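The values are calculated or read from the model by the stated rules, or taken from the named source; none is laboratory data. Everything quoted here is computed from the prediction, not taken from an experiment. Because the Cβ atoms are built from the backbone with ideal geometry, glycine has one as well, and the counts that use them run over all protein chains shown.
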């Protein structure tokens with residue numbers, strides 16, 4: 001078994017990408033209320049702050065800050081993934097199973113990146129908010145409903161037209 005090295009920085013801020021096993025699935029937005037409920041439940045048991053998030057049909061990107069002294073984001077991801085799958089099964093949604101009995105819904109792993117500084121933080125927030133445009137779901141960031149972008153507009157951090165009209169954005173991606 002491969003053991004991945006995770007940067008388990010207590011109280012750290014991390015960027016994550018988690019994807020469904022079937023990248024053509026729309027389960028995350030088709031069952032957005034279930035996903036929101038599971039996030040709420042997990043946050044009650046294992047607190048963390050969602051700095052930014054975008055939910056796309058087949059994957060999500062998010063930035064979390066963990067409580068001081070706590071580095072256990074793997075437990076949170078396991079709880080989120082299994083909680084979402086369990087509720088879908090309980091609702092009678094047909095899912096496939098592996099030979100070991102585990103549900104084939106999520107990719108087994110997720111991408112994680114430790115936020116290094118303010119610039120890295122800002123670039124990843126921009127990446128998250130611009131992602132629905134990048135994938136062609138909308139032409140303007142404000143038109144994607146499952147994004148923390150709307151919270152950023154409401155609190156005055158970003159203007160409502162941000163990411164629209166062919167603006168040049170620095171999302172931290174390499175060309």
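Let's see how each residue does on (1) crowded, with 18+ Cβ neighbours inside 10 Å; (2) within 18 Å of residue 13 (Cα to Cα); (3) in contact with a strand residue (DSSP E or B) (Cβ under 6 Å, 6 or more places away or on another chain):
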residue: 74; (1), (2), (3): no, yes, no
residue: 88; (1), (2), (3): yes, no, no
residue: 96; (1), (2), (3): no, no, yes
residue: 104; (1), (2), (3): no, no, yes
residue: 118; (1), (2), (3): no, yes, no
residue: 130; (1), (2), (3): yes, no, no
residue: 142; (1), (2), (3): yes, no, no
residue: 146; (1), (2), (3): yes, no, yes
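Suppose we filter 76, 116, 108 for residues that are under 23 Å from residue 22 (Cα atoms) and assigned to a loop (DSSP other than H, G, I, E, B); which single one remains?
Testing whether each residue is under 23 Å from residue 22 (Cα atoms) and assigned to a loop (DSSP other than H, G, I, E, B) leaves just 108.
Say whether the condition of being under 18 Å from residue 28 (Cβ atoms) and either surrounded by 15 or more Cβ atoms within 10 Å (Cβ to Cβ) or modelled with pLDDT of 95 or more (or both) is met by at least one residue in the stretch 155-175.
no
Scan the stretch 18-55 for residues that are under 18 Å from residue 70 (Cβ atoms) and within 12 Å of the chain's Cα centre (by Cα) and report the count.
Residues flagged as under 18 Å from residue 70 (Cβ atoms) and within 12 Å of the chain's Cα centre (by Cα) within the stretch 18-55 amount to 3.
When you scan the stretch 20-57, how many residues do you find that are out of contact with any helix residue (DSSP H, G or I) (no Cβ under 7 Å at 6 or more places or on another chain), more than 24 Å from residue 6 (Cα to Cα) and part of a helix (DSSP H, G or I)?
Matching residues across the stretch 20-57 total 8.
On the basis of being in a helix (DSSP H, G or I), within 15 Å of the chain's Cα centre (by Cα), surrounded by 19 or more Cβ atoms within 10 Å (Cβ to Cβ) and without any contact (Cβ under 8 Å) to a residue 60 or more places away in the chain, does residue 60 make the cut?
No.
Assuming residue 136 fulfils every condition listed in (1) surrounded by fewer than 17 Cβ atoms within 10 Å (Cβ to Cβ); (2) part of a helix (DSSP H, G or I) apart from one, which condition is it?
Evaluating residue 136 over (1) surrounded by fewer than 17 Cβ atoms within 10 Å (Cβ to Cβ); (2) part of a helix (DSSP H, G or I) leaves (2) as the failure.
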